[in-house]
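Report on one structure; see the data block that follows.
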Amino acid sequence: MVTLQSGNGLSIDEVIGNQPIEVRNYMSADEVGDPHIMFVGHWQSYQFPEVLKNLKGDSVLLITEKEGMTEQGAAINFVIRDGKIQYEVKKSHAIARGLNVSSRLAQMGISRE
């Protein structure tokens, strides 16, 4: 699992706006801190239920890359369709975490509502 967090620590020396970006790689769902964005790769999707449990209702954008993950709680899920990388969007999962999904982002993706 990879999370993007603002703050100090293991910074990759990137700044977006005035926010420093921190990238962390977790091997276990139990290690997850307080991220803003979390990517769970297909190789760790078996830990996704534990990730959801640990994050509770926190405002975290959950991104995955395995078929069926929007049904399990991901807001954005990367998939391959017709040999191209595309993404599915489940706005209700983002909204449930207190996040907004822009209409442009939603229109460009595959809706899973």
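The values are calculated or read from the model by the stated rules, or taken from the named source; none is laboratory data. Note that the coordinates shown come from a computational prediction; the quantities given were computed from them, not determined experimentally. Virtual Cβ from ideal backbone geometry, glycine too; neighbours counted across all protein chains shown.
Data for the structure
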quantity	calculated
Condition met for Gly17 (small (Gly, Ala, Ser), at pLDDT below 80 and surrounded by fewer than 13 Cβ atoms within 10 Å (Cβ to Cβ))	no
Residues (in contact with a Lys or Arg (Cβ under 8 Å, 6 or more places away or on another chain) and assigned to a loop (DSSP other than H, G, I, E, B)) located in the range 97-110	Val101
Unmet requirement for Glu113, which otherwise passes all of (1) at pLDDT 95 or above; (2) in a loop (DSSP other than H, G, I, E, B); (3) more than 12 Å from the chain's Cα centre (by Cα)	(1)
Entirely in the range 25-96, the strands (runs of 3 or more DSSP E) that have 3 or more residues that are surrounded by fewer than 14 Cβ atoms within 10 Å (Cβ to Cβ), without any contact (Cβ under 8 Å) to a residue 60 or more places away in the chain and on the phi < 0 side of the Ramachandran plot	84-89
Residue in the range 74-92 that is small (Gly, Ala, Ser) and modelled with pLDDT under 95 present	no
